[in-house]
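Trainee: Okay, here's the structure, questions in a sec.
Computed from the coordinates by the stated procedures, all read-outs in this text should not be read as laboratory data. For clarity, every value in this text was computed on a predicted model and none was experimentally measured. A quick note on method: Cβ atoms are made from the backbone with ideal geometry, for glycine too, and the neighbour counts reach across all protein chains shown.
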Amino acid sequence: MTPCTVIIGASGGIGAAMVRRSNARGENVIALARSLTGDGYLDLEDEASIAAGAERVRAQGLEPTCLIVATGLLHIDGKGPEKSLKDIDPAWMARNFAVNTIGPALVAKHFIPLMPRKAPARFAAIGARVGSISDNRLGGWYGYRAAKAALHMTIRNISIEWSRRNDQSICVALHPGTVDTGLSKPFQGNVAEGRLFDADHSAACLLDVLDGLNPSDSGGIFAWDGTAIRP
């Protein structure tokens, strides 16, 4: 089996930057995204496409040693974070969970079985500081906060189960900071000077953080600067 790095959400700002960085490091990168065609296509909201993506990797004799889900949904088509209870829309809240929580869980379901059983292996998904329950001081953003909090719990669950199969595995959520991408664009006005990162900087920081983690860190949430975030 040939080792590889799988990056899902590879056409987004952070995902594309991670692909570039990983390629520059000499890794064999498999880039997957909903906006790609052919063998690169994978839709987090369609389990069949996730299963098919995993099968393509397996059929090529590839063994993912690093798997990153670099996706997230905060706003689309005029829908965005709720400011108060009256703004809650069940369909929009469900979409938040579909992309931010369920999608990464399904990726783990289909791809982790392809990963090493007795060697270092890493799975990371993009979390968010606003998904920290203990850190929530402002309220609002019901769907996104709840979905990211649920992602963090999902990461913890995966880490526990996976460690029974591979005690060298690492499963974490990574907080990228506020990155100058389409996801954060409508909300950049309140970002403090020097705290808006370009995608390449954020990707480099996240990959460095991931490189520096140990199996004892598995199940945690880590920011772009390596600090642990409380659930």
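Trainee: Quickly rank 126-135, 43-52 as a protection proxy: mean count of other C-beta atoms within 10 Å, highest first. If you can, show how the numbers build up before the last one.
Mentor: Numbers: 126-135: 18.6, 43-52: 16.1.
Ranked from most to least packed, the peptides come out as 126-135, 43-52.
Trainee: Continuing with the same structure: If you stretched the chain out fully between Lys109 and Asp217, how much longer would it get, using 0.36 nm times the residue separation minus the C-alpha to C-alpha distance?
Mentor: Numbers: separation 108, 0.36 × 108 = 38.88 nm, distance 2.08 nm.
Contour length minus Cα-Cα distance gives 36.8 nm.
Trainee: What net charge is computed for the residues neighbouring Ser49, neighbours being all others with C-beta under 12 Å from the C-beta of Ser49, Lys and Arg scored +1, Asp and Glu -1? Before the final figure, lay out the partial values.
Mentor: Numbers: positive: Arg34, Arg56; negative: Asp39, Asp43, Glu45, Asp46, Glu47, Glu55.
Computed value for this residue: -4.
Trainee: Using R₀ = 41 Å, calculate the FRET efficiency as 1/(1 + (r/R₀)^6) where r is the Cβ-Cβ separation of Asp225 and Ala52; round to 0.05.
Mentor: Values: r = 37 Å, r/R0 = 0.89.
After rounding, the FRET efficiency stands at 0.65.
Trainee: A further question follows. Please list, in chain and number order, the residues 5+ apart from Cys66 or on another chain whose amide H is under 5 Å from its amide H, with Hs placed from the backbone.
Mentor: Result for Cys66 returns Cys4, Val6, Arg122.
Trainee: Taking Cα atoms, how many degrees apart are the long axis of helix 142-165 and the longest axis of the chain, rounded to 10 and kept between 0 and 90?
Mentor: Orientation of helix 142-165: about 20 degrees from the principal axis.
Trainee: Hey, what did the stretch 2-223 get for relative contact order, percent, Cα under 8 Å, at least 6 apart? Walk me through the numbers before you get to the answer.
Mentor: Numbers: 400 pairs, mean separation 46.1, N = 222.
Worked out over the stretch 2-223, it gives 21 percent.
Trainee: Right, another one. Work out the length of the dipole vector of the stretch 2-223 about its Cα centre, built from +1 on the beta-carbon of each Lys and Arg and -1 on the beta-carbon of each Asp and Glu, and round it to the nearest 20 debye. Could you put the intermediate results ahead of the total?
Mentor: Details: 23 positive and 22 negative charges, 73 e Å.
It works out to roughly 360 debye.
Trainee: Residue by residue through the stretch 53-58, what is 3J(HN,Hα) from phi via Karplus (6.51 cos²θ - 1.76 cosθ + 1.60, θ = phi - 60°)? Round to whole Hz and write x for glycine and proline.
Mentor: In residue order, the calculated couplings are x, 5, 5, 5, 5, 4 Hz.
Trainee: How high is the FRET efficiency from Ser35 to Ser134, r the C-beta distance, R0 25 Å, rounded to 0.05? Could the numbers behind the result be given before it?
Mentor: Details: r = 35 Å, r/R0 = 1.41.
Using R0 = 25 Å, I get an efficiency of 0.10.
Trainee: Under a crude label model (7 Å from the Cα following the beta-carbon direction), how far is Ala119 from Met93 in nanometres?
Mentor: 4.5
Trainee: I'd like to compare 114-124, 61-71: which one has the highest average count of other Cβ atoms within 10 Å, and what's the full order after that? The partial results should precede the final answer.
Mentor: On the way: 114-124: 17.9, 61-71: 21.7.
Packing order, densest peptide first, comes out as 61-71, 114-124.
Trainee: Between Asp200 and Arg25, what length comes free when the chain is fully extended (0.36 nm per residue of separation minus the Cα-Cα distance, one decimal in nm)?
Mentor: 61.6 nm
Trainee: For a protection proxy built on the mean count of beta-carbon atoms within 10 angstrom, sort 21-34, 82-95 highest first, please.
Mentor: In descending order of packing, they fall as 21-34, 82-95.
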